[in-house]
Every structure is written in C-alpha cells, then in structure tokens.
1. Report the full-extension gain for the segment V101 to T230: residue separation times 0.36 nm, less the Cα-Cα distance, to one decimal in nm.
2. With the dipole of the chain worked out from charges on the C-beta (+1 for Lys and Arg, -1 for Asp and Glu) around the Cα centre, which of L31, V99, A173 lies farthest toward the positive end?
3. Any chance you could run the full-extension gain for L22 through E270? It's 0.36 nm times the residue separation minus the Cα-Cα distance, nm to one decimal.
4. Connecting C-alpha atoms closer than 10 Å in a GNM of the chain, tell me which of A92, A276, A67 has the biggest fluctuation.
5. Could you please rank V240, V8, placing first whichever residue has the fewest other Cβ atoms within 10 Å of its Cβ?
6. So the label point goes 7 Å from the Cα of E261 along Cα→C-beta, right? Which residues of segment 96-110 then have their backbone N under 11 Å from it?
7. So for D254, D274, fewest C-beta neighbours within 10 Å to most, what's the order?
8. Give me the dipole magnitude in Debye, nearest 20, for the chain about the Cα centre, with unit charges on the beta carbon: positive for Lys and Arg, negative for Asp and Glu.
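What follows draws every value from the coordinates through simple rules; no lab data is involved. All figures in this text were calculated on a predicted structure; none of them were measured in a lab. No Cβ is skipped: glycine too gets one built from the backbone with ideal geometry, and neighbour counts run over all protein chains shown.
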Amino acid sequence: MHMSDALVSPTVAAVAGTASLLLLGTALRKLRPASGMHAAPEANERIVPLMGVTGAFVFAAQMINFAVPGTGSSGHIVGGILLSAILGPWAALLTLSSVLVLQCLLFADGGLLALGCNIFNMAVLSCLAAYPLVYRPIAGRSTSPGRIFAASLAASVAGLELGALAVTAETVASGITALPFGRFLLFMLPIHLAIGIGEGIATGTVLCAVQRYRPELLAGRRNEKQTGKTLAAIALAALVVGGSFSWIASSRPDGLEWSIERTAADPEIEAQPDGAHRTAAALQQRTAALPDYDTSAAGLVGCGVILLAAWGGTRLLRTRRRQA
C-alpha cells in the first residue's frame, strides 16, 4: 500500500505530513523516560529495545509478499496491530513509522513526497484507530486464544480497509491522476479485504504464540524484567526471516498497483514535473542505496539498521535519564 509520489499533490502531501508529524510528536512525548511511580509504562526507556527487535521483525515480514488467490495480486502485512498488541499504540506508531521511513529513504519503497501519507495510512490508522477501536474491545483482557485471534483478524481487516479508503481519497483529492474515485475504490476495498484477512491470520497466529509462551511481552501485561534472551530470540527471528525467506515473495503487483492497473486507462502513472516532485525524487535518489531491494542482503541490511537505531536510542534515553 506504499503510495508513490505520482499519486500525491504537494498540498495533500503537506496536510498528511503535518498530521503524521503531530501524532509522532505526541508519541515521542509519551516515550520520555518515566519519572514517578504513576508514570505510564510506555514512557520507560526499557521499551526501546523491544521496539527495535519487533520493528526489525515487521520489516523482515513486510518483505514477504503473499499471493492473493484468484486475483493476480499480492500483499504483505502492515504490522500495526501486531506491534500495538506488544508495544502499545503510541510506541507501535513510532516503530512502524521508523520502518516506513527506512523503506522510503534506503530502499525507495514508497515516494518521499508521499511519506506522510504512507505513515498516516499504514501506521496511524492501524495503531491509533483499528487497534483501540477494534482489537481492544474484542480481545479485552482475555487470555483466550480464540478472542485474541478474532481480534487480530477483525482489526487487521479494519486497518487495511481504512488505509485503502485513505489512499483512494488522497489520490482523488490530489487531482493529478485520472483515477475516478468510485471505480478506484471498487477495486481497492475488496483486494485489501483479502490482504487484511491474510495479515489477520498471521497476526493472530503470532500473538497466540506470544500469549502462550511469552505473555509478559504483551502490552498491559509486560514484565519490566525482560530477558536479553527473549530480545535476542526476536532479533534472530527477524534476521532469519529477512535473510532467508524474502526470496519466496510473490512477484505479482501489490493491492495498490493491481487496483491502479484495473482502474486507469494507462497504468504507468508518472510523477508530475513540478518543483516539489522533482526535488523529492532527486533527494530520494541520493538516499536510496539499495533501491527496490535489489540485493539478496536487503533484508539483513534493513533489520541491522533498525536494531542499530534501537541500540542508539536506548543509550541516548538512559544517558538523559541519568542527567535528569
């Protein structure tokens, strides 16, 4: 569902980018080191290593596109519900947004001008809308695998459908393509319903396993004394998935590309030749060292960058806490 710059006008990009930045700023404030016995669990720097290893795992998992039977399309997980269930919604928003920024800058996955839209559509709508409004009411505080799985499925579908609606609205509001709203939406919603079901099954399976074997990792039940072995195991799983399983990814177009192909007379939509699009394209070309994941080591590189950033963030927060 990564939007390219060709779909987005500078005005829509600015609005979505501003909204995303404001929400990310709120998330950062909630992640400040805890002070006092009543401080929120998310405000403790101990969550940052968990953010790093789960972010790396989601990055690796996103590289595996699964085919949607009978459509000629493919999809991949977004990861917002999985991250929210483990980290809480605000820390999950930061983590997933970091993954999207890395994908954009290092791998040219999604347009730089459209980055604010992509953060809003995938991270904000899944972590701050689908998780609290769908997942939490269904799952509640229950430890029942059935409720956790049902909540994962329903919330994943809701997040994908909200994102598909937002992509369609942003594209039409931009007015730089000839994609009609009704016909575009007619393809976007059903294909992302199918992708959402696939993500829901994967998310429910993982969360049920976490509930059974490591329930202390789940948001609201987290044990402050997380073991290094658990974090190392998640990091290793991310590296294994990113380095070994991405080769099985489907080469079919993803849900957004598939919908454009069936909506537009000419599916090859080019970016507008204005200053904002040229500047964004030129900047992304400079930062994208591995465009289109054009190396077998892309998964390992991406996971490594995320883990390194989490390590640096942990050191920084601990230093600030000592100085406070």
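1. 43.8 nm
2. L31
3. Here the segment from L22 to E270 would lengthen by 86.3 nm.
4. A276
5. V240, V8
6. none
7. So the residues, fewest neighbours to most, are D274, D254.
8. Dipole of the chain, to the nearest 20 debye: 1880 debye.
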